[in-house]
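Following: one structure in structure tokens, then a few remarks.
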Amino acid sequence: MRKYCLSLLLLLLIQVSNAAEPPKREIRGVWLTTVYGLDWPHKPATTEAGRRVQQRDVCDILDRLQDANFNTVFLQVRLRGDVIWRSAIEPASKTFSGKYGTMPGYDPLAFVIDECHKRGMECHAWFVTFPLGTDKSVKEQGKLSVVKRQPKLCKRHNGEWYLDPGVPGTSDYILSLVKELVNGYDIDG
């Protein structure tokens with residue numbers, strides 16, 4: 001009986017060790033925010049020198065992540081009704097150039113994707129989906145703002161503007177942004 005129990009225990013240990021195989025691939029990722037200069041960029045680029053600083057800063061971040069064995073960057077690409085790519089739908093973020101609708105002399109999303117790929121890292125996009133910003137930011141965006149272009153999709157609450165997820169058409173609007181992004185960029189996720 002003892003021999004039988006030991007054999008059964010050995011068989012169970014083999015099964016458990018086979019089931020506990022490590023994953024073939026694991027994500028070691030970081031969320032990189034672009035809103036309010038929290039992670040990157042720290043200042044808008046209004047000159048060629050400022051553009052080079054922005055690019056060098058994100059390269060430094062990516063180098064440190066690569067050295068720490070990260071393999072995925074989750075990059076914030078939509079902030080508050082503004083984006084970090086050349087879009088026909090929403091204005092370029094003022095975080096990069098200092099003015100809504102104006103690129104900083106380069107395409108920040110394309111640049112980060114290329115730099116991630118050079119380092120063997122994936123670049124995944126993440127959106128702030130519903131918040132659109134304050135009355136002040138909507139006014140600064142002017143006619144480029146979704147609040148002005150698609151007012152039926154938007155709702156104001158406590159001095160902030162939001163896309164209204166309960167309104168038919170809001171999901172189509174968000175999907176149009178996603179389609180523009182995935183059709184125009186070599187984004188990994």
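Using the number of other C-beta atoms within 10 angstrom as an exposure proxy, rank ASP82, ASP107, ASP63 with the fewest first.
Values: ASP82 27, ASP107 18, ASP63 12.
Lowest to highest Cβ neighbour count: ASP63, ASP107, ASP82.
In a shell of Cβ-Cβ distance under 14 Å around VAL138, excluding VAL138 itself, what net charge do Lys and Arg (+1) and Asp and Glu (-1) give?
Working: positive: ARG80, LYS94, LYS136, LYS139, LYS143, LYS148, ARG149, LYS155, ARG156; negative: ASP82, GLU90, ASP135, GLU140, GLU160.
That works out to +4.
Estimate the FRET efficiency between ILE27 and HIS157 by the formula 1/(1 + (r/R0)^6), using the beta-carbon distance for r and 45 Å for R0, to the nearest 0.05.
On the way: r = 35 Å, r/R0 = 0.78.
Efficiency at R0 = 45 Å is approximately 0.80.
Can you put MET103, MET121 in order, fewest other beta carbons within 10 Å first? Let's see the in-between values first.
Values: MET103 17, MET121 21.
Result, fewest neighbours first: MET103, MET121.
For VAL182, VAL53, what ranking results if the residue with the fewest other Cβ atoms within 10 Å of its Cβ goes first? Walk me through the intermediate numbers first.
Working: VAL182 12, VAL53 15.
Result, fewest neighbours first: VAL182, VAL53.
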Residues in segment 70-87 reached by a label modelled at VAL167 [backbone nitrogen below 17 Å; 7 Å Cα→Cβ]: 80-82
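Net charge near CYS154: determine it from the other residues with C-beta under 10 Å of the C-beta of CYS154, scoring Lys and Arg +1 and Asp and Glu -1. The partial results should precede the final answer.
Values: positive: LYS148, ARG149, LYS152, LYS155, ARG156; negative: ASP164.
Charge balance in the 10 Å sphere: +4.
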Got a sec? Charge dipole of segment 22-62, +1 on Cβ for Lys and Arg, -1 for Asp and Glu; which of HIS42, VAL58, VAL30 is way out at the positive end? VAL30
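Computed from the coordinates by the stated procedures, all read-outs in this text should not be read as laboratory data. What you are looking at is a predicted structure, and each value in this text was computed from that prediction instead of being measured. Cβ sites come from the backbone with ideal geometry, for glycine too, and all protein chains shown count toward neighbours.
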